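A short worksheet on the structure shown next.
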Amino acid sequence: MRLSAACDQQDIRALVHGATIDEPAAGRKALAAPQSPVYAFTMTVIDDTRAKRNVAVLVTAQAFLGSQMPMYFVVGGLAGQQLSPNVCLATLPISMIVFGSMTTAPWLSTVMQRFGRRAGFVTGAVGGMTGAALCAYALTVQSFMIFLLGSYLIGIYMSSQGFFRFAATDTASDAFRPKAISYVMAGGLISAIIGPQLVGFLTGANGDATVMRFYPVYLAAIALNAVGMVLFAFLNIPKPPVPAVDAPKGRSRMELLKTPRIAVAVICGMVSYALMNLVMTSTPLAVVGCGYDIVDASHVVTGHVLAMYAPSFFTGHLIAKFGVEKILGIGIVILAGAGMVALQGVDLNNFYIALILLGIGWNFGFIGATSMLAGAHEPHERGRMQGLNDLLVFGGVTFASLSSGGLMNCSGGNPVEGWAAVNIAMIPFLVLAGGSLIWLMLRQRSERV
């Protein structure tokens, strides 16, 4: 094939896999050095800087603001015993805290949904500060009714604290999310030490036997809430998006409760939390009633709260390895063991061992129930199911804390008999939780056959 002269004076360039081939008219052929093909890669780098900053704020809040809750559980029943017209109502202030938390959760979650986490947490700190101030005032005028009102307002803070672990995940990546939750739980370990030890420090050197010996504790709680209001100013969590109109609605509350796995999860969660509260609420009354002092009661509660939170770092791994049913069952068995140890006597070591077992049993039982519940409903049913679960669980906790004082002070002739009555009361509820779990496991086994 002949090329024209005009064409002969031109280079014919061909790009073949990155090599440039020149064909001059004179017949010279020059081959350029091969060039490697260029590939473009894109890598998405997830920046958790904001999430880590939020977690740092929440860990600090959990450590310092959270320390007020063990403080209330140590002194609330003791103060109630001196203020109440009937010793059977000694633990009613603690019941009011839990009741306040239960009734606050629905509207506080709405506040956070609309105005953001910061607004909700500041609301909780304001409620806690106001409640502590009212309780301090009630001690000065020796008014049981004002003390109950202040306790209810403290429940607003308790409710807001329950949202800390959820807020830690709001801005976290999938990889950082489990660590964020663990860090916030670690803050709970710090609060378990600060709160009871602060009570011992404020009341241990005070020779006053009147109810005013608890006055400095509530002043300290006011200061802790004031610190929290400053801390929450550093949170940087965006408001949640508004759900789409055509978003799936999911099952009704009754339909959810009729699901076997959900029903058993709710029962086990309610029993685990309620029995923990039943025994813990009576513990300061029992320790002091058996001849020990408030400092001893504070140390026992410290051991208990540490046992509640310390296993959280590996409970999830145990559930992943052995299954949620087995860990949940072990938690119920450990709770039963706590009751058995408590019934062996009222030596101080018995209190320590029983309360530590109670904390570990609560951890396995409650986290196991929460994990079971989380896997039994769809994401769009989460808000409805979590709200219903909290209502039932904290309803049971309210009943347990209210019953605790009656069992402790009014079911026996002395503190030893009252303490025994509290622990014996665990039996039917443990049977309920254990029986429902066995029923579910047998049902699942028969469905697989």
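Values quoted throughout were computed directly from the atomic coordinates according to the rules given, and no laboratory measurement underlies them. The structure presented is a predicted model; accordingly, all values stated were derived computationally and were not measured. In this analysis, Cβ positions are derived from the backbone assuming ideal geometry, glycine residues included, and neighbour counts consider all displayed protein chains.
Counting lysine pairs in the chain that sit 8 or more residues apart in sequence, or on different chains, and whose Cα atoms lie under 22 Å apart gives 5. Using equal-weight Cα scatterers in the Debye expression, the normalised intensity of segment 319-449 in log10 at q = 0.15 Å⁻¹ is -0.84. Note that segment 126-135 has calculated 3J(HN,Hα) couplings of 5, x, x, 5, 5, x, 5, 5, 5, 5 Hz, one per residue in order, obtained from phi through the Karplus relation 6.51 cos²θ - 1.76 cosθ + 1.60 (θ = phi - 60°); glycine and proline are x. Think of each Lys and Arg Cβ as +1 and each Asp and Glu Cβ as -1; about the Cα centre, that makes the dipole of the chain roughly 960 debye.
Counted residue by residue at 0.36 nm each, then reduced by the alpha carbon distance between them, the extension gain from ARG53 to ASP293 reaches 82.3 nm. Where is the GNM fluctuation largest for the chain (alpha-carbon springs, 10 angstrom cutoff): GLN161, GLN81, GLN113? Of GLN161, GLN81, GLN113, the most mobile in the Gaussian network model is GLN113.
Could you let me know the centre-to-centre spacing of segment 100-143 and segment 370-449, using Cα atoms, in angstrom? Cα centres, segment 100-143 to segment 370-449: 26 Å. Using the Karplus relation 6.51 cos²θ - 1.76 cosθ + 1.60 with θ = phi - 60°, the per-residue 3J(HN,Hα) values for segment 50-64 come to 5, 4, 5, 5, 5, 5, 4, 5, 5, 5, 4, 5, 5, 6, 9 Hz, with x marking Gly and Pro. Projecting the Cα atoms of PHE366, ALA297, VAL422 onto the dipole axis of segment 251-449, where Lys and Arg carry +1 and Asp and Glu carry -1 at the beta carbon, places PHE366 farthest toward the positive end. The alpha-carbon positions of the chain define a convex hull whose volume is 230 Å³ per residue.
Is it possible to state the helix-based mean residue ellipticity at 222 nm for the chain, with each DSSP H run of 4+ residues giving -39500 (n - 2.57), the sum divided by total residues, to the nearest 500 deg cm²/dmol? What is it?
When only DSSP H runs of four or more count, the value is -24500 deg cm²/dmol.
Over all Cα atoms in segment 57-181, the spread is summed up by Rg and Dmax: 15.9, 54 Å.
What translational D, rounded to a whole number of µm²/s, comes out for segment 193-294 from Stokes-Einstein when the hydrodynamic radius is the Kirkwood one over Cα pairs, at 10 °C and 1.306 mPa s?
83
Counting only Cβ charges, +1 for Lys and Arg and -1 for Asp and Glu, the dipole size of segment 360-449 around its Cα centre is about 240 debye. Considering only GLY150, VAL122, MET280, the residue lying farthest towards the positive end of the dipole of the chain is VAL122, judged by Cα position with unit charges set on Cβ. Once both axes come from the Cα atoms, what is the angle between helix 312-322 and the longest principal axis of the chain, in degrees from 0 to 90, rounded to 10? That helix lies at roughly 70 degrees to the long axis.
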